[in-house]
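Structure record follows, encoded as structure tokens.
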Amino acid sequence: MSKSYAEQVGAIEQHAAAHVPGAALAAFRAEQVAFDAAGTPDGVSRAGTPMPDAELLDAHGNPTSLTAARGGERAVVVFYRGAWCPYCNLALRTYQQVLLPQLQERGVTLIALSPQKPDGSLSMQETNELTFTVLSDPGNTIAGQLGILTSHSDDARAAQATLGLDVAGANADGTQNLPMPTVVIVEADGTIGWIDVRPNYATRTEPADIIAAL
């Protein structure tokens, strides 16, 4: 039986403890505590409101949109940070293995969306053997309209730099802005049926909760 995200995330922490310098780990953990304390920001879109759209890019750099990717069908839209994020890789692999088969049985489309360049989307798709649609929102336009934008603290950004990670370089618009990991159920008529925002990027929406919401 496939494990939940929460059952697997400990492996990321163990790997980090063995390979990431203590000062960087401390910066990341402090930031996660701060994200938890801040909670979900005011102004996040609510169920029953229209799902925003924008000009997006597929994994090969071709223009598309969320509406086109949905094709008039009900969809689960997953906002993630980028292929550089181990928590995102684990979450999307879990959705591929656990969530996608259940969505297919229900005729629901699964779409993942990040602000990274298309080659990052392609890397995410190929590395994790994802068979669902992975798109790039070059300016975080949809995430911005949903009210789920965030960025790392200065200390966390400095820690990332020591590890050779450049978020702005990975993002298509060259900024440090990122979406809070979020799952949105978009109804066939284009309205938001359900939204779950995770300010702390180490936590993610479980497949079972998405299926229950559907």
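Read-outs throughout are calculated quantities, based only on the coordinates presented, and are distinct from any laboratory measurement. Nothing here was measured: the structure is a model prediction, and the numbers come from that model. In this analysis, Cβ positions are derived from the backbone assuming ideal geometry, glycine residues included, and neighbour counts consider all displayed protein chains.
Computed 3J(HN,Hα) for the range 29-45, one whole-Hz value per residue from the Karplus formula 6.51 cos²θ - 1.76 cosθ + 1.60 where θ = phi - 60°, is 5, 4, 5, 4, 4, 5, 4, 4, 5, 6, x, 6, x, 5, x, 5, 4, glycine and proline marked x. The distance separating the Cα centre of the range 123-165 from that of the range 1-70 comes to 7 Å. Evaluated at q = 0.07, 0.11, 0.12 Å⁻¹, a Debye calculation over the C-alpha positions of the chain (equal weights, vacuum) places log10 I(q)/I(0) at -0.19, -0.49, -0.59. Whole-Hz Karplus values for the range 86-101 come out as x, 5, 5, 4, 5, 4, 5, 5, 5, 5, 4, 7, 9, 7, 3, x Hz, taken residue by residue from phi with 6.51 cos²θ - 1.76 cosθ + 1.60 and θ = phi - 60°; glycine and proline positions read x.
In terms of surrounding Cβ atoms within a 10 Å radius of their Cβ, Val183, Val134 rank from fewest to most as Val183, Val134. Loop-located GluC sites (Glu not before Pro) in the range 5-41 (DSSP state not H, G, I, E or B) with no more than 12 neighbouring Cβ atoms inside 10 Å do not occur. Relative contact order of the chain, taken over Cα pairs closer than 8 Å and 6 or more residues apart, is 30 percent.
For Asp53, the amide hydrogen comes within under 5 Å of no other amide hydrogen, counting only partners 5 or more places away or on other chains and with H modelled in the peptide plane. For the chain, what does -39500 (n - 2.57) per DSSP helix run (n ≥ 4), summed and divided by total residues, give at 222 nm, in deg cm²/dmol to the nearest 500? Value at 222 nm, helices only, nearest 500: -11000 deg cm²/dmol.
Checking the a/c ratio against 1.5 first, then a/b against b/c, what shape does the Cα gyration tensor give for the range 42-84? Oblate shape, in that a/c is at least 1.5 and b/c is the bigger or equal ratio.
Modelled label positions at Ala168 and Arg106, each set 7 Å beyond Cα in the direction of Cβ, lie 4.1 nm from each other.
The Kirkwood radius of the range 43-155, taken over pairs of alpha-carbon atoms, gives through the Stokes-Einstein law at 37 °C and 0.692 mPa s a diffusion coefficient of 226 µm² s⁻¹. Charging the Cβ of each Asp and Glu at -1 and of each Lys and Arg at +1, and nothing else, the dipole of the range 60-202 about its Cα centre rounds to 120 debye.
Taking other C-beta atoms within 10 angstrom as a stand-in for reagent exposure, Leu90, Leu66, Leu214 fall in the order Leu214, Leu90, Leu66, fewest first.
Each of Asp137, Asp173, Asp189 was scored by other Cβ atoms within 10 Å of its Cβ. Listed from fewest to most, they are Asp189, Asp173, Asp137. The Cα-based radius of gyration of the range 109-199, divided by its Kirkwood radius, gives an Rg/Rh of 0.99. If a spin label sat at a point 7 angstrom from the Cα of Ala23 along the line to its beta carbon, no backbone N atom of the range 172-191 would be nearer than 11 Å. Scalar couplings 3J(HN,Hα) for the range 108-122, obtained by applying the Karplus form with A = 6.51, B = -1.76, C = 1.60 to θ = phi - 60°, are 9, 7, 10, 9, 10, 9, 9, x, 6, 5, x, 5, x, 5, 5 Hz; x denotes Gly and Pro.
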